[in-house]
Amino acid sequence: MANEKTFDVDVVIIGAGAAGIGAARRLSGRGLSVWLLEASQRIGGRGWTLDLSGLPLDMGCGWLHSAEHNGWRQLAEDGGWEIDRREAAWNEAQPHPRFSEAEQDEAHAAFRAWHERLMDAPPASDRASDALDPGNRWNGYLQAMSGFISGAPLERISATDYNAYERAATEQNWRLPRGYGALITAHLPTDVGCRFATPVEAIDADGDGVVLTTPQGTIRSRAAIITVSTNVLASSAIRLPSALDDWRHAATCLPLGCDEKLFFEIVGEVDLPTEQVLIADPYDPDSPVFYFRPLERPLVETFLGGRSAHQITADGPAASFDHLSTLLAGLLGSEAASHLRPLASSAWSISTYIGGSYSHALPTQAHQRQQLGQPFRERLFFAGEATHPNAFSTAHGALESGTRAADEVLASLAVRRP
């Protein structure tokens, strides 16, 4: 059992993603010793900007969602970071060889009608799929959109959860030319020690504090903030006491969906659109979407969600780029497609220490977000996008959750310490 004389550190934060960095920022300068334990070799978690050929590529989060009240947007402005405030091309009609403007209008109208049914009269089953219009020709399109939004089919999405997000979200979705991941990692406080390649293997909170087992040895702290993903928490990666079964169960009810990105570089002079979105097949629920020249850069950013994202990681990058190149040749013509070179691919669903993209609640399980965020015995605290009631699946939701957990730690230590 830990006691006052055997504590190595006041607070340990497990996970150096947006939530962990948010918690570290709140605890910084408070007179506490704080260690940040990161299982991988880098900080940022699902906020990861990869710089290739001088091009900052956001392999994970890339949009400042609900920018008006996004805490990262405020930090970007405070730090003088450039913000691109133009509207995204997602909802605009686009020239498409197999998806006419009239069909695009129909598909968008079908999405709006489904969205309104879900918001105004949620199905008793709480399954988002039960708000679909049976037999509607655009249901495959709506399933594809669910793949991008949640990383899972509508049958696995809680209507209550979806509605909570939509009621809190705004239409202001902006971008950072230097990269969202770069912004997140730039804000780790200098007075918080970060230990890389230090996965936590077991947690014991039976004594006066918290005992953490790692490959580098045992760490004893007064309190710990757990920010790992729900897929990691639900797995056996970290041995937890049986008293935390309710938290582990909550994590299983809030799984990470599967979304991946692949980037092509545009090489040479070729007539390709700028800031334009093309869906490969609007009738295919597993269709990828191509975003051409985002931020006017020589790139094609490819988004895959749900089953298509799982397939990409199963096939591997080489086969995936070949498949997508074939789709692009069908959309653009072989000459234009010949100017595209594979550049980078994510693999979030097979990442050992993450295991997916972002959290969605299973039908009837939206209440588990509150359970997952509850402190345990005023020594274990939980953060991460999945614990946020309405900004889950976002980096700013993760930031807010880390700040909230840190405030809980400060209140607890103020009571417990002499």
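Couple of notes before you dig in:
- In the stretch 175-226, the residues that are out of contact with any strand residue (DSSP E or B) (no Cβ under 7 Å at 6 or more places or on another chain), without any contact (Cβ under 8 Å) to a residue 40 or more places away in the chain and assigned to a loop (DSSP other than H, G, I, E, B): Thr190, Pro215, Gln216
- Members of the stretch 50-87 found to be in a strand (DSSP E or B) and touching a Ser or Thr at 6+ places or on another chain (Cβ under 8 Å), listed by number: Pro56, Leu57, Asp58
- When each of Leu272, Leu244, Leu304 is tested for being part of a strand (DSSP E or B), among the aliphatic types (A, V, I, L, M) and either out of contact with any Pro (no Cβ under 7 Å at 6 or more places or on another chain) or surrounded by 19 or more Cβ atoms within 10 Å (Cβ to Cβ) (or both), the lone residue that passes is Leu304.
- Boolean, Asp206 is buried (at least 22 other Cβ atoms within 10 Å of the Cβ) and of a type outside the set (S, T, N, Q): no
- For the stretch 88-138, the candidate set comprises residues that are acidic (Asp, Glu) and outside any helix (DSSP H, G or I); within that set, the residue that is modelled with the lowest pLDDT is Glu92.
- A single entry from Ala159, Ala224, Ala164 fulfils the requirement of being at pLDDT 95 or above, crowded, with 20+ Cβ neighbours inside 10 Å, in the same structural domain as Arg297 (by TED's automatic domain parsing) and not polar (S, T, N, Q): Ala159.
- Test: residue in the stretch 314-332 that is touching a residue at least 60 places away in the same chain (Cβ under 8 Å), buried (at least 22 other Cβ atoms within 10 Å of the Cβ) and polar (S, T, N, Q): no
- Scanning the stretch 195-227 for residues that are touching a Pro at 6+ places or on another chain (Cβ under 9 Å) and among the β-branched types (Val, Ile, Thr), we see that the one that is nearest to Tyr353 (Cα to Cα) is Thr198.
The values are calculated or read from the model by the stated rules, or taken from the named source; none is laboratory data. This structure is a prediction, so every number in the text was calculated from the model and none was measured. Cβ: placed from backbone, ideal geometry, glycine included. Neighbour counts: every protein chain shown.
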